[in-house]
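First the structure, in the form of structure tokens, and then the observations on it.
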Amino acid sequence: MSVQASDYMMVLPVRHFRVGENLVAVESAFAEHLRMMRSRLGGAARQLLVVSPGMSTTAYEAGKRGYTVIDEEADQIAFTTLFSDDQAQSTGKKLRLLAPAMKTLRHLTKQSFCVHSGLSWDVWLPFEFASIVFGLLARRRTVFVVDIDYRNSAWMSYRNGDWSKKSYLVCKYVYDVTRSIQVAVASKFCSLVLLKGKKMAADFGGGRPNVKSFLDASHSEKNIIPQGTLEVKLAAVRDERSPLRLVYFGRLTAYKGIDRCIKAVAAARKTGANVTLDIIGGGEQMDALRALARELDAGSWATFHGPMPFDQNFFGKLYSFHLLLAAPLREDTPRSALDAMAAGIPYVAFDTYYYRELMESGAGRVVPWLDVEAMGGEIARLHRNRPEVAQMIENAVAFARLNTQEIWLERRQAWTMASALQN
């Protein structure tokens, strides 16, 4: 199939909010990714078409500090609202939306040379995988992306007490099976399949050249800590009279385990470790986390900053921190780990497959999953071994340079174009 100047269509669950006739607000890091992707597509696409649900006004107002506005005409990135969150608040409403959503997707597929989507997590409104099916039937290029290996998450949610045994069994033997069928079909028939995790790619790909493991980086070369700033930072880390500055940034939601991070820092401080914790982000857990900090008398060492836009000012703020903490209660593959490395911040995390794989960078340490005392002990150990932290920082920056968003977009575009020549 020859490349024609029609649309590159992305069908995604990421919400958007229309603020004007040609103005659409999306999460800041996502906006940066879309603009870079549009630039990389160049003349191969008439426009980058994003088809996704629209967020509610309440959700927009609550999080707009972290959003960026895209100008559809200037950026050549168009948005189509498949449905709004307000319209899909029950199973019955989702089922009523199914037929019109399928009609829209079928129509938009005809004007696109490539359909880019991924797993449908919602069995009642599976618009993402449906778009892939329409793309296959129309003999379009198809790019299927899964950004997390979900196969262990049900057990983890049961093990950590969030789910009942019934919920665990239903997810494992019904929902996860339907997800695995989607991945298996995509791996066999799609032009390109990108799976976030080497084991997942090996298990589903079976050596097929169209199935690849990938990293979903959002940092750019311009975001990487400057050499002069890095030298100052390394000197501060090596100075044992200075505190070791820890940070969490991202959504403040329960499954991220930020409460465990706070407790781990408290445990490290009880051993005499001079460490502080800064928390950057917003979410429904903010009040509960502030209450926990008060309960632990953490006023002198825990600081909350609220959400920040994903821009160079944000990275500038990150440059002064020394270690990232991550304590996910189920599988999680946040881009924040790579963003942190770009800022010269290695990590200490609960042992999940994502953080375990990233240890190849030399910029991470993992502790047994859910073990807060072990995390506190590792923080205290690193506090006593400053040269080790300094080396981890240098490793983090080196890894970030090799895995920028630009590098991965170029790689993905090359894979996509190569797949077109084989179709």
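Considering only residues in the stretch 300-330 that are of a type in the set (Gly, Ala, Ser) and not in a strand (DSSP E or B), the one that is most open to solvent (accessible area, probe 1.4 Å) turns out to be Ser300.
Candidates in the stretch 139-155 are the residues that are in contact with a strand residue (DSSP E or B) (Cβ under 8 Å, 6 or more places away or on another chain) and not in a strand (DSSP E or B); of these, the one that is least open to solvent (accessible area, probe 1.4 Å) is Asp149.
Per this entry, Val397 is not counted among residues that are of a type outside the set (Phe, Trp, Tyr), open to solvent by less than 40 Å² (accessible area, probe 1.4 Å) and over 22 Å from Ser218 (Cβ atoms). Within the stretch 38-67, track down each residue that is closer than 26 Å to Leu125 by Cα and either surrounded by fewer than 17 Cβ atoms within 10 Å (Cβ to Cβ) or free of Cβ contacts under 8 Å to residues at least 24 places away in the same chain (or both). Within the stretch 38-67, Ser56, Thr57, Thr58, Ala59, Glu61, Ala62 qualify. Once the stretch 88-121 is narrowed to residues that are over 22 Å from Phe134 (Cα atoms) and over 26 Å from the mean Cα position of the chain (by Cα), the residue that is surrounded by the most Cβ atoms within 10 Å (Cβ to Cβ) is Lys93.
Of the helices (runs of 4 or more DSSP H) lying entirely inside the stretch 156-208, those containing at least 1 residues that are modelled with pLDDT under 95 are 198-205.
Residues considered: Ala101, Ala74. Of these, the only one that is part of a helix (DSSP H, G or I), touching a helix residue (DSSP H, G or I) at 6+ places or on another chain (Cβ under 6 Å) and more than 14 Å from Met10 (Cα to Cα) is Ala101.
Checking each residue in the stretch 244-258 for being in contact (Cβ under 8 Å) with a residue 60 or more places away in the chain and within 17 Å of Phe304 (Cβ to Cβ) picks out Arg245, Leu246, Val247, Tyr248, Phe249, Gly250, Ala254, Lys256, Gly257, Ile258.
Set side by side, the residues Thr276, Thr229 differ, and just one is open to solvent by 40 Å² or more (accessible area, probe 1.4 Å), under 22 Å from Pro387 (Cβ atoms), hydroxyl-bearing (Ser, Thr, Tyr) and out of contact with any Ser or Thr (no Cβ under 6 Å at 6 or more places or on another chain), which is Thr229.
The values are calculated or read from the model by the stated rules, or taken from the named source; none is laboratory data. Here the structure is a predicted model, which is why all the values come from computation and not from measurement. Neighbour counts run over all protein chains shown; Cβ positions are idealised from the backbone, glycine included. Only protein heavy atoms, including side chains, enter the accessible area calculation; ligands, DNA and RNA are left aside. Shrake-Rupley method; radii C 1.70, N 1.55, O 1.52, S 1.80 Å.
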